[in-house]
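Scroll down for the structure; my scribbles are underneath it.
Rule-based calculations on the coordinates, nothing more; no lab input. Computed from a predicted structure; not experimentally measured. Heads up, the Cβs are rebuilt from the backbone with ideal geometry, glycines too, and the neighbour counts pull from every protein chain shown.
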């Protein structure tokens, strides 16, 4: 009551109080992702690739139109991740940094299953995208897609993660990618998907299309953990070597915690080891199976030539079968 009385009796106090309130309102800043973008964007590059035609044009080799895409600098020594379809069949690959520097790039290797490729440029002190090994993205996380759509220059689009993907090396499909609604257009492919801290969440890959439907807001990225795993394997081996078993899986038995084999490919590692349709596999090398995708990843990430012990149930009998994994054929 005393404070109210003072405000009524002393006009100067009313003015000072009003100024303080206005000052506090002015200090409130709008929500912005500028810091995240400024942290990550220098490491997102433009990629231009050309295919030289074998048909001579007026005595010279002709060049096909330049393909456009984006890439992400993953380490300071010059390794860049992008989509394979950005550089597929390219004879000349050029990388443009955001500071205006141009570099010719070498294709180190690629992986058709994840549509990823690794490029290398000879340069020093390159900006590197922030990365966190234990990054775990959740549905609802705000994400920003950075790339060069339609060659308009570096552009940022914003959205949320609609569904999360896996990090295993078994054959990938739409359900195993990160799904988000941050717009991806021609030229965005291979660019960075980051979180609001500027950390790499994934490599922008594709949009969902269906000629029969007008679809909006469904875009995909390869999860960071999978992309990084693929990159390291390509740098080490020039390609991604995946283990191969040779079975089709019918279902996952929740009560028995195992997957049921529906078919066995002829002359496959599974066939040679004696696995049969109807077998329920509940452990691989003493690792309990929680899902069939987990089982596929265990096999895919096993070095060819390695023998794995499969524990299974066949007609109510418990069996152990040793299977020597071979290499999955390239597509």
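Summary table
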quantity	calculated
Relative contact order [Cα under 8 Å, 6+ residues apart], segment 142-233, whole percent	29 percent
Per principal axis, descending, Cα span of segment 153-275 in whole Å	56, 39, 30
Order of 110, 102, 224 under a 10 Å beta carbon neighbour criterion, fewest first	102, 110, 224
Burial ordering of 41, 32, fewest other beta-carbon atoms within 10 Å first	32, 41
Calculated Rg and Dmax of segment 243-327 using C-alpha coordinates, Å	11.3, 32
Order of 170, 77, 70 - criterion: other Cβ atoms within 10 Å of each residue's Cβ, fewest first	77, 170, 70
Whole-angstrom gap from segment 293-315 to segment 273-291, using each part's C-alpha centre	7 Å
